[in-house]
Structures are given as structure tokens and as C-alpha cells.
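Peer 1: Got a structure for you, written out below as C-alpha cells; questions coming shortly.
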């Protein structure tokens with residue numbers, strides 16, 4: 001019976017299962033297996049699963065899957081977790097590079113243990129739109145995000161309205177993550193996220209926070225550096241005036257390691 005080693009990490013409460021491609025054959029990477037492993041009640045439990053593969057050009061390549069088993073282009077919190085994991089394996093905190101489905105990213109581990117990672121420069125995919133009467137914009141920051149200002153950031157509102165917006169026809173068939181924000185001042189933002197593929201209100205969403213920072217900076221409401229706050233913790237974003245460089249700095253922590261029997265989840 002084949003036992004697969006795995007590593008459990010979290011970044012501000014956004015948690016992930018990390019597996020090496022050497023240990024999980026391609027034919028085994030089915031949505032049903034991934035969703036079973038991510039199940040909070042009958043599996044290991046996680047918001048997503050990450051498979052690390054060798055890369056000919058960079059230090060490694062990341063495949064990210066949401067907890068529903070579907071592949072997604074990018075997860076910034078998960079990428080920081082892999083960077084921290086790679087440090088633990090290689091004992092190296094030099095600036096390294098890795099590739100995701102969205103872009104090539106560089107990272108380094110700071111002396112305080114926080115991970116500083118380059119982000120894909122976000123792009124607008126819409127002007128101001130108002131699905132279900134909620135005004136906002138569609139921004140691609142490596143993943144798809146609809147961002148909107150809101151005085152309400154309670155879980156009930158974010159869950160109910162986020163789920164509705166995520167499923168409106170104009171965002172199908174891929175759906176969209178929904179980020180509600182409240183601007184505190186020119187350097188601080190409160191953010192709450194409903195994430196597609198997990199279908200829950202998240203403790204943290206780094207790519208969504210990046211989309212919010214980008215939008216507010218482009219409209220002159222924030223200046224670098226910007227600190228974002230979610231229920232799971234804070235992140236710091238820095239960017240230059242011409243948007244040639246964009247970085248996120250935040251924590252990534254190892255929870256535990258283990259092995260699972262592949263046959264138990266087939």
C-alpha cells in the first residue's frame with residue numbers, strides 16, 4: 001500500500017497540503033482525490049492542495065488546486081508556503097525563482113521569517129460594473145477577482161453576497177473570487193474574501209488583497225507601502241510608481257507533516 005508524504009502549511013490561516021510530484025503520479029491527480037484530501041471532516045483538511053514539480057528554468061513549478069479539486073492559476077498565500085517549505089528542504093534563503101500558472105515569481109525569506117514574494121502586476125478586466133447592484137471592478141492579479149467597497153464585512157454578508165456574485169452569468173464558466181474592502185487610511189485596508197473553489201469566507205486571500213491594493217493605488221487612495229488586514233492576519237504590499245515591481249510580504253508556517261495511504265482516498 002503506497003504511502004504519500006505530505007506537508008501541511010498555513011499563511012494567515014489560509015491552509016494547504018503540499019506534495020512533491022515525485023510522490024504523486026500524474027494519473028492520480030484527480031479532482032476526486034484532491035477534494036477528498038482537502039475535506040475537513042474525512043481527509044487531511046485544507047483550503048487547497050499544491051504539487052511541486054521540477055522546472056528546467058527555475059527552482060520549481062507550482063500546480064495549485066482549490067479544495068473542490070479544480071486547478072487554479074495561482075494562489076499567493078500558497079506560494080509563500082511553498083517558498084518556506086523549499087527553504088526548509090534546501091536551507092537556503094537566497095533570492096530564488098519559481099513558476100506558477102500565472103507568472104514567474106521571485107522570493108526571499110527575511111531575517112524575521114516572513115516571506116517576501118514578487119507578484120504578477122494586476123490588470124483590469126473591466127471598468128466599473130454592478131452585478132446584483134454591487135459596484136466594483138474585475139481585476140486579474142494572477143487569479144480572477146471582483147473587488148468592491150463595502151461598509152459590511154461580517155461573515156454572513158460576505159458569504160451570502162459573495163456566493164451570489166461568484167455565480168452571476170457574466171463571470172461564468174470560471175466564476176470569480178469576491179473581495180469586499182473598507183479603506184482605513186492611505187496605508188491600511190480591511191479586506192474580506194469569498195473564494196470560489198473553496199466556496200467559503202476566507203481567513204486570508206493574498207491575491208485578492210493584491211487586486212484591492214492595485215485598484216486603490218491606481219485611483220490615488222493608497223501609497224506604498226500598504227498593510228492589508230484580514231481575520232487571519234496582515235500582509236504588506238509594496239510597489240513602485242510605474243508598476244514594474246509589486247511585492248507581498250507575509251507569514252507562512254509549517255503545521256505538521258505526515259503520510260497518507262493513497263488507496264484510502266481513491
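Peer 1: Would you be able to say whether some residue in the range 126-136 is in a helix (DSSP H, G or I) and within 15 Å of the chain's Cα centre (by Cα)?
Peer 2: Checked against the condition, which is being in a helix (DSSP H, G or I) and within 15 Å of the chain's Cα centre (by Cα), the range 126-136 yields no hits at all.
Peer 1: Can I ask one more? Going by what's in this entry, would residue 208 be described as in the same structural domain as residue 154 (by TED's automatic domain parsing) and crowded, with 17+ Cβ neighbours inside 10 Å? Can you show your working first?
Peer 2: Numbers: in the same structural domain as residue 154 (by TED's automatic domain parsing): yes; crowded, with 17+ Cβ neighbours inside 10 Å: yes.
It is true that residue 208 is in the same structural domain as residue 154 (by TED's automatic domain parsing) and crowded, with 17+ Cβ neighbours inside 10 Å.
Peer 1: Name the single residue that is modelled with the lowest pLDDT among those in the range 47-102 being assigned to a strand (DSSP E or B) and more than 18 Å from residue 197 (Cα to Cα). Please lay out each step first, then the result.
Peer 2: Residues of the range 47-102 that are assigned to a strand (DSSP E or B), as a first pass: 48-53, 60-66, 71-72, 96-99.
With the extra rule that they be more than 18 Å from residue 197 (Cα to Cα), the set shrinks to 52-53, 60-61, 96-99.
Values: 52: 95, 53: 94, 60: 92, 61: 94, 96: 86, 97: 91, 98: 93, 99: 94.
Taking the candidates together, the pick is 96.
Peer 1: Still on this structure, please answer the following. For residues that are part of a loop (DSSP other than H, G, I, E, B), in contact with a strand residue (DSSP E or B) (Cβ under 7 Å, 6 or more places away or on another chain) and touching a residue at least 40 places away in the same chain (Cβ under 8 Å), tally how many sit in the range 103-125.
Peer 2: Number satisfying all stated conditions: 5.
Peer 1: Just give me the residues in the range 170-183 being over 20 Å from the mean Cα position of the chain (by Cα) and under 15 Å from residue 133 (Cβ atoms), in sequence order.
Peer 2: 170
Peer 1: Do you know which of the residues in the range 224-266 that are in contact (Cβ under 8 Å) with a residue 24 or more places away in the chain and part of a helix (DSSP H, G or I) is surrounded by the fewest Cβ atoms within 10 Å (Cβ to Cβ)? Give the steps one after another, and end with the answer.
Peer 2: So in the range 224-266, the residues in contact (Cβ under 8 Å) with a residue 24 or more places away in the chain come out as 225-235, 237, 239, 243-263, 265-266.
Then keep just the ones that are part of a helix (DSSP H, G or I); that gives 262-263, 265.
Working: 262: 16, 263: 9, 265: 19.
My answer is 263.
Peer 1: Here's another thing I want to ask about it. Answer with yes or no whether residue 213 is under 16 Å from the mean Cα position of the chain (by Cα), surrounded by 24 or more Cβ atoms within 10 Å (Cβ to Cβ) and either in a helix (DSSP H, G or I) or modelled with pLDDT under 95 (or both).
Peer 2: Numbers: under 16 Å from the mean Cα position of the chain (by Cα): yes; surrounded by 24 or more Cβ atoms within 10 Å (Cβ to Cβ): yes; either in a helix (DSSP H, G or I) or modelled with pLDDT under 95 (or both): yes.
When the stated conditions are applied, residue 213 passes them.
Peer 1: Only one of (1) free of Cβ contacts under 8 Å to residues at least 60 places away in the same chain; (2) more than 19 Å from residue 78 (Cβ to Cβ); (3) out of contact with any helix residue (DSSP H, G or I) (no Cβ under 7 Å at 6 or more places or on another chain); (4) crowded, with 20+ Cβ neighbours inside 10 Å fails for residue 185. Which number is that?
Peer 2: All conditions are met except number (4).
Peer 1: A further question follows. Give the residues of the range 151-182 that are surrounded by 18 or more Cβ atoms within 10 Å (Cβ to Cβ) and closer than 19 Å to residue 203 by Cβ, sorted by residue number.
Peer 2: Within the range 151-182, 158, 161, 162, 166, 177, 178, 179, 180, 181 meet the criteria.
The values are calculated or read from the model by the stated rules, or taken from the named source; none is laboratory data. Quantities reported herein were computed from a predicted structural model and do not represent experimental measurements. Because the Cβ atoms are built from the backbone with ideal geometry, glycine has one as well, and the counts that use them run over all protein chains shown.
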